[in-house]
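The values are calculated or read from the model by the stated rules, or taken from the named source; none is laboratory data. Being a predicted model, the structure only gives us computed values, none of them experimental. Please note: Cβ atoms are built from the backbone with ideal geometry, for glycine as well, and neighbour counts cover all protein chains shown.
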Amino acid sequence: KQEVTQIPAALSVPEGENLVLNCSFTDSAIYNLQWFRQDPGKGLTSLLLIQSSQREQTSGRLNASLDKSSGRSTLYIAASQPGDSATYLCAVRPPLNEKLVFGKGTKLTVNP
Amino acid sequence: DTEVTQTPKHLVMGMTNKKSLKCEQHMGHRAMYWYKQKAKKPPELMFVYSYEKLSINESVPSRFSPECPNSSLLNLHLHALQPEDSALYLCASSQGVNADTDTQYFGPGTRLTVL
C-alpha cells in the first residue's frame, strides 16, 4: 500500500529565505507526483506535476525534484515571501489507478 | 482557463434535509472527482467519474449520492447526513487521458456544516 510522508509538518522562516519541503513515498511505482498549495479553507492549487520519467520541474521560484528510485521528492522555494504562507501537499498517482495518495502536508509560514 | 467552480460556497443543513453540491468545469476534462477534507487533514477521495461513468467509489455511505449529468457537470446529492459529515467538499477535474501528465485541478470547495 502506497504511503506518502511529508516532513516537516510545519515550518516557519523569515522572508527572503530559500527553503526545501520534503515528500517521501513507499512504492516507487508511480505515474506522477504532484505538488499542491492550499490556503486555509480553500481548494487546492496545482503547483507542479513531475512525470515518473522526469527528474525535475520548474515554475518561477518553485523547483520540484523527483528521485523515484529512492521514493523522494523535494519542493524548493527560492526567496520566500509572506504570500507563500500556506499548506503544501504532495500527492502521488499509483499506476492503473485514478486515485491520488496524499501526504499530510507541510504548513509553511513566511514571516515579514 | 483552468477553473473548476463549485456551488454553494457554504451550506448548513439539518440531518433530515436533502441538498446538493454542484461542480462545473469547461476545460473539456473527462475525469471528475469528489473529495472530502476534514480540518488539518489531506483530502480523501470519495468518487471518480471517468467519461461520465462512475469508476471509483471509495466505500462511501449511501447518504452521499454522486451524479454526472454531462461531461462538464458533477453533482453530489446529500440526504440524512450526520454531524461528522461536516467538512470541506472539494471537486476536481483532469483530462483523464494520459495518466503520466494528468494534472488534477481543484475547485474552491463547499464548506458543509451538518447540525
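What to note about this one:
- Residue in segment B:99-112 that is in a loop (DSSP other than H, G, I, E, B), more than 13 Å from the chain's Cα centre (by Cα) and at pLDDT 95 or above present: no
- Scanning segment A:26-65 for residues that are more than 12 Å from chain B (Cβ to nearest Cβ), touching a Ser or Thr at 6+ places or on another chain (Cβ under 7 Å) and either among the basic types (Lys, Arg) or in a strand (DSSP E or B) (or both) turns up A:Arg55, A:Glu56, A:Ala64, A:Ser65.
- Candidates B:Ser59, B:Ser65, filtered to the one that is out of contact with any Pro (no Cβ under 9 Å at 6 or more places or on another chain), in a loop (DSSP other than H, G, I, E, B), away from chain A (no Cβ under 11 Å) and hydroxyl-bearing (Ser, Thr, Tyr): B:Ser59
- Test: residue in segment B:41-50 that is hydrophobic (A, V, I, L, M, F, W, C) and more than 22 Å from A:Leu89 (Cα to Cα): no
- Set B:Leu90, B:Leu78, B:Leu54: member being within 19 Å of A:Leu44 (Cα to Cα), in a strand (DSSP E or B) and hydrophobic (A, V, I, L, M, F, W, C): B:Leu90
- Scanning segment A:66-91 for residues that are of a type outside the set (A, V, I, L, M) and part of a loop (DSSP other than H, G, I, E, B) returns A:Lys68, A:Ser69, A:Ser70, A:Gly71, A:Ser80, A:Gln81, A:Ser85.
- The residues on offer are A:Leu47, A:Leu75, and the sole one that is under 15 Å from B:Thr103 (Cα atoms), modelled with pLDDT of 95 or more and crowded, with 16+ Cβ neighbours inside 10 Å is A:Leu47.
Residues checked against (1) loosely packed, with under 15 Cβ neighbours inside 10 Å; (2) touching a residue at least 60 places away in the same chain (Cβ under 8 Å); (3) in contact with a helix residue (DSSP H, G or I) (Cβ under 8 Å, 6 or more places away or on another chain); (4) β-branched (Val, Ile, Thr):
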{"residue": "A:Glu15", "(1), (2), (3), (4)": "yes, yes, yes, no"}
{"residue": "A:Val20", "(1), (2), (3), (4)": "yes, no, no, yes"}
{"residue": "A:Thr26", "(1), (2), (3), (4)": "yes, no, no, yes"}
{"residue": "A:Ser69", "(1), (2), (3), (4)": "yes, no, no, no"}
{"residue": "A:Gln81", "(1), (2), (3), (4)": "yes, yes, no, no"}
{"residue": "A:Phe102", "(1), (2), (3), (4)": "no, yes, no, no"}
{"residue": "A:Thr106", "(1), (2), (3), (4)": "no, yes, no, yes"}
{"residue": "A:Val110", "(1), (2), (3), (4)": "no, yes, yes, yes"}
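- In segment B:40-51, the qualifying residues are those that are assigned to a loop (DSSP other than H, G, I, E, B) and touching a residue at least 40 places away in the same chain (Cβ under 8 Å), and the one that is nearest to the other protein chains (Cβ to nearest Cβ) is B:Pro43.
- Condition met for B:Leu11 (outside any loop (DSSP other than H, G, I, E, B), among the aliphatic types (A, V, I, L, M), over 11 Å from the mean Cα position of the chain (by Cα) and more than 12 Å from every other protein chain (Cβ to nearest Cβ)): yes
- Considered as a group, the residues in segment A:66-83 that are under 16 Å from A:Val101 (Cα atoms) and of a type in the set (D, E, K, R) include one that is nearest to the other protein chains (Cβ to nearest Cβ), and that residue is A:Lys68.
- Here B:Ala99 fulfils each of the conditions (1) without any contact (Cβ under 8 Å) to a residue 40 or more places away in the chain; (2) buried (at least 20 other Cβ atoms within 10 Å of the Cβ); (3) among the small types (Gly, Ala, Ser) apart from (2).
- So A:Ser70, is it of a type in the set (S, T, N, Q) and under 15 Å from the mean Cα position of the chain (by Cα): no
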